[in-house]
Amino acid sequence: MQIPAALAARRSGAVAGARRRLLAILLVAVAGLGTPSIARADALARGTAAYSRGDYNRAARELEPLARRGNARALALLGFLYEHGFGEPQAYPAAADFYAQGAVQGDPFGQAMLGLMYDKGHGVAQDFVLAYKWLDLAAAHATGRPRDVYARLRDAVASKMSTNEIAEGQRLALYWTPAAWEPAARPESRHRPE
């Protein structure tokens, strides 16, 4: 049976219109899925910009919601604010907690800062092996100038360590894998054999 040309044209026009509507709906849906990540990126950029301007209270306000949702960079930056008392009360244990939460997700800045906390014994027990581990991971995950800075910091910590302690720090870094975000991640402790 032959379909008249006018009916076939109308039917193909209806199909094409339905396809356009479906594509428009899919486009809106896909765009809507990307919005939260764009909003998070904007909040991170606003928080970082506020910090750069010295507006630490605003930086903390922008970063806290991201940190509550587990954004590794926001956690590390918020740790920095707590460590130095910028826009938040100075609190080494809170800073170490924030750094640890960012570090376990693989953020190089969080890893480096947690390594320095272990080096100094601020908010955590002083432990050069763990300091070496986190600074080594930061140097491995960073690029450019930060990588060089983290490597120099790692080497400075290594100058306080024995050969066996350096080997232990390297072993811990070698077998480390990033973890999923947990709201209550705590800095680790390492049990030394007596």
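Each value in this text was obtained by applying a stated rule to the coordinates, not by laboratory testing. Note that the structure is predicted; figures quoted are calculated from it, not measured.
Note that the stretch 78-84 has calculated 3J(HN,Hα) couplings of 5, x, 5, 4, 5, 4, 9 Hz, one per residue in order, obtained from phi through the Karplus relation 6.51 cos²θ - 1.76 cosθ + 1.60 (θ = phi - 60°); glycine and proline are x.
In sequence order, the stretch 118-133 has phi-based couplings of 5, 4, 8, x, 8, x, 9, 5, 4, 8, 5, 5, 5, 4, 4, 3 Hz under the Karplus curve 6.51 cos²θ - 1.76 cosθ + 1.60, θ = phi - 60°, and Gly or Pro positions carry x.
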